[in-house]
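Okay, structure first, notes after.
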Amino acid sequence: MRPVPRLRQKLLFTALLALIILGMYLLQTGCIIQRIVGIPCPGCGMTRAVAALLRGDVPGALQFHGMVWSLPVVYLVYLYDGRVFHRGWMNAALIGLLALGFLLNWILHFLP
């Protein structure tokens, strides 16, 4: 496997983001985007889903956000700058399928 570009910066950013999300979870601030825009974002429920996973509650995690299973895949896409596969069309297809999954989850979960 090829080396990850700018690995140290990406790991530091990951740690910072995790601390911010943990703080938001502990302070129960809710979704910032929902507060500003007034509607839930496609990622709403993901923090609660991860917390449920950490407790071992897989059904609960999927109920909070149906795309929680995709977090390791999304993280690999981030680490490898969107180039997980050697073939460009496969990377585009992966990102497109993930985006479609988040969109469908958002439509099914939040729209009446």
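The values are calculated or read from the model by the stated rules, or taken from the named source; none is laboratory data. In this text the structure is predicted, and so the values were computed from the model without any measurement. Reconstructed Cβ throughout: ideal geometry from the backbone, glycine too, with neighbour counts over all protein chains shown. Surface accessibility is based on the protein's heavy atoms, side chains included, excluding ligands, DNA and RNA. Shrake-Rupley method; radii C 1.70, N 1.55, O 1.52, S 1.80 Å.
Identify all residues within region 99-112 that are surrounded by 15 or more Cβ atoms within 10 Å (Cβ to Cβ) and either farther than 24 Å from A52 by Cβ or at pLDDT below 90 (or both); write none if there are none.
Of all residues in region 99-112, those surrounded by 15 or more Cβ atoms within 10 Å (Cβ to Cβ) come to 101-102, 105-106, 109.
Scanning region 99-112 gives a single hit, H109.
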P5, sole failed condition from (1) under 15 Å from the mean Cα position of the chain (by Cα); (2) outside any helix (DSSP H, G or I) = (1)
Scan region 13-61 for residues that are over 13 Å from L71 (Cβ atoms), of a type in the set (A, V, I, L, M, F, W, C) and surrounded by 14 or more Cβ atoms within 10 Å (Cβ to Cβ) and report the count.
-> 5
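Limited to region 72-98, what total is found for residues that are open to solvent by 60 Å² or more (accessible area, probe 1.4 Å) and among the aliphatic types (A, V, I, L, M)? I'd like the intermediate steps shown before the answer.
At the first step, the residues of region 72-98 found to be open to solvent by 60 Å² or more (accessible area, probe 1.4 Å) are 72, 75-76, 78, 83, 85-87, 89-90, 92, 95, 97.
Of the ones still in play, those that are also among the aliphatic types (A, V, I, L, M) are 76, 90, 92, 95, 97.
Here the count works out to 5.
Within region 11-56, count every residue that is over 16 Å from H109 (Cα atoms) and of a type in the set (K, R). Full working, then the answer.
Here is the first cut: in region 11-56, the ones over 16 Å from H109 (Cα atoms) are 11-30, 32-33, 35-37, 50-56.
Pick out the ones that are also of a type in the set (K, R) and you get 35, 55.
Counting residues in region 11-56 that are over 16 Å from H109 (Cα atoms) and of a type in the set (K, R) gives 2.
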Members of region 55-109 that are acidic (D, E) and free of Cβ contacts under 8 Å to residues at least 12 places away in the same chain = D57
When (1) in contact with a helix residue (DSSP H, G or I) (Cβ under 8 Å, 6 or more places away or on another chain); (2) at pLDDT below 90 are applied to L53, the one that fails is (2)
